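Below is one structure, written out as structure tokens, with a few remarks after it.
The values are calculated or read from the model by the stated rules, or taken from the named source; none is laboratory data. The model shown is predicted, which means the values in this text are computed figures rather than measured ones. FYI the Cβ positions are ideal-geometry reconstructions off the backbone, even for glycines, and counts take in every protein chain you see.
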Amino acid sequence: MKIYCVTHKEINGIEKLGLIPFGVGKNKFPEHYKTEQEGQNISEKNYNYSETSFHYWYWKNILKETDEKKWFGMCQYRRYFIKYEYKDQIDNTTGKQGYFPNIRNFGELENLIQKVPSNKWENYDIILCEPWSVHVSSKMKIIKRGVKSILRDPLIIFMKSRQNIRLHFEMFHGYDNLKKAINELPHKDKKDFIDYIESNTNLSGHCMFYSNNPSLINKFYTDLFDWLFKCEKVFGLDLQGYDTQRIYSFLTERYMPFWFNKYSKVKYWPWIYCDITKF
């Protein structure tokens, strides 16, 4: 099973985890790394696309060579799919998404990572991250960052059921930006996407996946990048500040679980946060 571990900087030890180190952006990487600077790429847009630029590279350079029914996928250098048996040890409460206690070295992490197909994946097309709650624990933070959203719906301060994916995006990535992006969606998805972001208070984020269905992934990438490139005409690439400079990655993070839930059979899988630069 080929699993790419995506990073924007050189990190020693990724190969110790049995993963393929993959560098995004224009930094220099060691010779044993794969990088998006090879083949067709949007490396120059990585500042705005983050790990989504890996997805473009994979689509254009590797996907066509991927065998049907062979599992493949990607993770990030700080987030990993882990074996199901460790699921109950993960703390996914608000503010601690993916926290797993006491991982001290590469060996311990390598033992946790799911690197072979599970029999629980039978009859599923795609493995995505177990969703985490987008509820905002602090009412003051909602008031501070979500004033315009509150004016539209005052009950979001008091009712967690109103603190949905839409509110979360509006608070952290610009109030009107998601609305503008939705306007660029094709008619076949627009209403369903609005329903998805307004009816869900949990998000399967981080843009990680495992799959054994390259034809499905190809359809997803075709729809995704058609949308994102249309959004570029709205937002451009000269964006500043963490909340907006990576807007295309944040849009992908919302669109990816929506699309796969609409067009395929999704299996959510446990994942953890672990910063291997601290080992």
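Run down Tyr196, Tyr210, Tyr221 and say which single residue is assigned to a helix (DSSP H, G or I), modelled with pLDDT of 95 or more and under 25 Å from Thr93 (Cα atoms). Lay out the reasoning, then the answer.
On the way: Tyr210 fails: assigned to a helix (DSSP H, G or I); Tyr221 fails: under 25 Å from Thr93 (Cα atoms).
The match here is Tyr196.
Please enumerate the residues belonging to region 259-275 that are surrounded by fewer than 21 Cβ atoms within 10 Å (Cβ to Cβ) and in a helix (DSSP H, G or I).
Asn261, Lys262, Tyr263
Consider only pairs whose beta carbons are under 7 Å apart and that are at least six residues apart or on different chains; among these, list those whose first residue lies in region 110-138 and is under 19 Å from Met256 (Cα atoms) and acidic (Asp, Glu) and whose second residue is modelled with pLDDT of 95 or more and outside any loop (DSSP other than H, G, I, E, B).
From region 110-138, the pairs are Asp125/Ser211; Asp125/Leu216; Glu130/Tyr268; Glu130/Trp269; Glu130/Trp271.
Could you check region 44-56 and list, in sequence order, the residues that are within 11 Å of His8 (Cβ to Cβ) and free of Cβ contacts under 8 Å to residues at least 40 places away in the same chain?
Residues satisfying the conditions are Asn46, Ser53.
Within region 110-190, which helices (runs of 4 or more DSSP H) (wholly inside it) include 2 or more residues that are of a type in the set (Phe, Trp, Tyr) and within 24 Å of Arg246 (Cα to Cα)?
165-173
Just for region 153-181: of the residues that are surrounded by 12 or more Cβ atoms within 10 Å (Cβ to Cβ) and out of contact with any helix residue (DSSP H, G or I) (no Cβ under 7 Å at 6 or more places or on another chain), which one is modelled with the highest pLDDT?
Lys179
Which residues, counting only those in region 236-248, are buried (at least 19 other Cβ atoms within 10 Å of the Cβ) and in a helix (DSSP H, G or I)?
Residues of region 236-248 buried (at least 19 other Cβ atoms within 10 Å of the Cβ): 246-248.
Once the filter is applied, which keeps residues that are buried (at least 19 other Cβ atoms within 10 Å of the Cβ) and in a helix (DSSP H, G or I), region 236-248 yields Ile247, Tyr248.
Among the residues of region 198-222, what is the count of those that are under 19 Å from Arg246 (Cα atoms) and either out of contact with any Asp or Glu (no Cβ under 6 Å at 6 or more places or on another chain) or of a type in the set (A, V, I, L, M) (or both)?
Total satisfying the criteria: 5.
Show me the strands (runs of 3 or more DSSP E) entirely contained within region 12-100 in which 1 or more residues are surrounded by fewer than 19 Cβ atoms within 10 Å (Cβ to Cβ).
Hits in region 12-100: 20-23.
Need pairs with beta-carbon distance below 6 Å; first residue over 15 Å from Phe220 (Cβ atoms) and within region 188-205, second assigned to a helix (DSSP H, G or I) and aliphatic (A, V, I, L, M); sequence gap 6+ or separate chains.
Ile197/Ile165; Asn200/Ile165; Leu203/Ile165
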